[in-house]
1. Does the range 530-544 hold any residues that are free of Cβ contacts under 8 Å to residues at least 40 places away in the same chain and either among the β-branched types (V, I, T) or outside any loop (DSSP other than H, G, I, E, B) (or both), and which are they?
2. If you check I152, I166, which single one turns out to be under 16 Å from the mean Cα position of the chain (by Cα) and farther than 30 Å from A43 by Cα?
3. So which residues in the range 160-169 are over 16 Å from R311 (Cβ atoms) and open to solvent by less than 10 Å² (accessible area, probe 1.4 Å), if there are any at all?
4. Among the residues of the range 103-129, which ones are open to solvent by 20 Å² or more (accessible area, probe 1.4 Å), within 24 Å of G140 (Cα to Cα) and either assigned to a loop (DSSP other than H, G, I, E, B) or among the aliphatic types (A, V, I, L, M) (or both)?
5. Restricting attention to the range 346-363, which residues are more than 16 Å from Y100 (Cα to Cα) and either of a type in the set (K, R) or buried (at least 24 other Cβ atoms within 10 Å of the Cβ) (or both)?
6. Test of understanding: among F594, F547, F581, which residue is of a type in the set (A, V, I, L, M, F, W, C), part of a helix (DSSP H, G or I), modelled with pLDDT of 80 or more and open to solvent by less than 60 Å² (accessible area, probe 1.4 Å)?
7. Mind listing whichever residues of the range 616-626 are modelled with pLDDT of 80 or more and either touching a Cys at 6+ places or on another chain (Cβ under 8 Å) or open to solvent by 100 Å² or more (accessible area, probe 1.4 Å) (or both)?
8. Of all the residues that make up the range 381-398, how many are at positive phi and either within 26 Å of the chain's Cα centre (by Cα) or open to solvent by less than 10 Å² (accessible area, probe 1.4 Å) (or both)?
Amino acid sequence: MINAIVFLPLVGFLIAGLFGRVIGARPAELVTTALLMLAAVLAWVTFLQVGFGGAPASAPVIANWMTSGALKVDWAFRVDTLTAVMLVVVTSVSSLVHLYSIGYMHEDPSRQRFFAYLSLFTFAMLMLVTADNLVQMFFGWEGVGLASYLLIGFWYEKPAANAAAIKAFVVNRVGDFGFALGIFLVFILTKSVSFDTIFAAAPGLANKSIHVFGMDVDAMTITCLLLFMGACGKSAQFLLHTWLPDAMEGPTPVSALIHAATMVTAGVFMVARLSPLFEQAPAALTVVTIIGATTAFFAATVGLVQNDIKRVIAYSTCSQLGYMFVGIGVGGYSLGIFHLFTHAFFKALLFLGAGSVIHAMHHEQDMRRMGGLRKDIPFTFAMMTIGTLALTGVPFTAGYYSKDGIIEAAYAASAHSAAATYAFLATVIAALLTSFYSWRLVFMTFFGERKTGDDHGHDAHHDHGHDDHADHAPHESPLVMLIPLALLAFGALFAGLIFENSFIGEGFTEFWRCSLFVAADNHLLHEMHEVPAMVSLTPTFMMLLGFAAAWYMYIVDTAAPRRLAEGNPFLYRFLLNKWYFDELYDFLFVRPAFWLGRLFWKGGDGRIIDGLGPDGVSARVIDAAGRVVKLQTGFIFNYAFAMLIGVAAMITWYLLEGVR
């Protein structure tokens, strides 16, 4: 069954990619979507069997990949509860995105290529989450990076999409460099890349030093920090987050697939998978906590002032990923995975709902040009509202159980960790900001009066291949786009209620068994249920406060946001420009890189290598030939005169030699 789950998307990719032009767009759509849906059904069966049916974890070896000395790498699929959870998330969201894309991309001329890329991405993600060793995980890790580059830059004739794809690829390579170094260190320390061997050796590596980067450091700490560096790049954490908002240049279904449930959660999954290593490196877990909390707060502040509907949701994703790392950093690995699980439903719902809004508005993404859409697209409005309820943590929705659980866990851990105290404060404030910008999106888009403008589209590629219909009234999306919204809405409402006990409650041990490692002195899941009632109520209070502020500013007194921005121009520009990280990185890295590249190109390669090498030699030959060719005048008397000089020279030489 696991082989079918993993390879069905690959089959879809090969059919759509190699034979798409032969079979046509519609068969390519139907084949890839059907195969993904079949994989999703099998994934749910596996989830029930492994998580609830007591089926033992397994790692069947498919084949030997490589053997070099002590390094032995097998193709093996690790099937345990953590894998089963990720299989459900990846295949469910991917199959619904495939179905949604049939309607959303129906007029794009390159649909075969689009669906091939989607299936390739899903295959790479499945290879990542089923890996039984670090090298196989790295294969899936890089495959996901490649597929995301292809999907973000799908509209390659659009300069902004090309730039965003390159940016995502380059920034992820920075994190991947750290991930690769971490894998090298793991092999040096354990002489293996197989998870079972690594996990067995991990306790013996505690407090062991290793000489790297010219100094002696704690082996587990430096190893886990390098591994976490890879997670920061893939999961868009603070300092390596800049690629995520720009990736919105891709089609909206790509945003839902990559930035809701799959690629950006790969880092969270990787840290959870390697929990036996991170449990031996408390300093590294402290860094994970701080970076996660900072990301949650930072992204929430930027989301307050964004006007592009997809970018607001993108920064929301970035912030929620920070929550996941806070949960993992304080020792609640299942908490981070639980939020990953619930977040997949409501964030995919919000992205696909935003796509439905964009479809209704004929490519418009600026919320300032929307308004009053709840009457025109009532079903989309209802679905977006459900997604917002779950994201903001309204009681008994999915986000309430997972996000509020992380905040409670951070408070419980703060008794013995200053980093956890910081995380608690940051996540509480982020909960307030999340509620504000989420309801701001709903109010600006669906309430008030409809705004109109001469330009109803972006100045580049139309978002799903339609012609300009700016004069047409907003309309509801077709049924093929609405069905995925309804299914995701069910998960956004009930996933937390149904699975809370298994993920973080009394059924934790039976559900997770050996797929997550928790140290003997880690009682976080027990302690989080004993926090004071005021702590448990704080996230709900913050949610209500954010809702009230958004209601007042965007329903009651609609001039208040402008007054606030004009009264605090520096703060407004600071947030609108995303804390100026792009400008800072452009100054520190991009411009020096271009300057260095031009120096080596113009100076080193052009002037020195080419100037002294091929270009220099050829130039001298040309110069010499230019002078010699002047002797060829075409006049007989010139040639006779030259011959006479030659005869005279020979006679002179002969006479002088004869005298000697």
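1. Matches in the range 530-544: A533, M534, L537, F541.
2. I166
3. A165, the sole residue that qualifies.
4. Residue satisfying the conditions is L120 alone.
5. Result: M361, single match.
6. So the residue among F594, F547, F581 that is of a type in the set (A, V, I, L, M, F, W, C), part of a helix (DSSP H, G or I), modelled with pLDDT of 80 or more and open to solvent by less than 60 Å² (accessible area, probe 1.4 Å) is F581.
7. Within the range 616-626, I622 is the sole residue that qualifies.
8. So the count comes out to 1.
The values are calculated or read from the model by the stated rules, or taken from the named source; none is laboratory data. Keep in mind it's a predicted model, so treat the numbers as computed, not measured. Here Cβ is always computed from backbone atoms with ideal geometry, including for glycine, and neighbour counts include all displayed protein chains. With ligands, DNA and RNA removed, areas are computed over all heavy atoms of the protein, side chains included. Shrake-Rupley method; radii C 1.70, N 1.55, O 1.52, S 1.80 Å.
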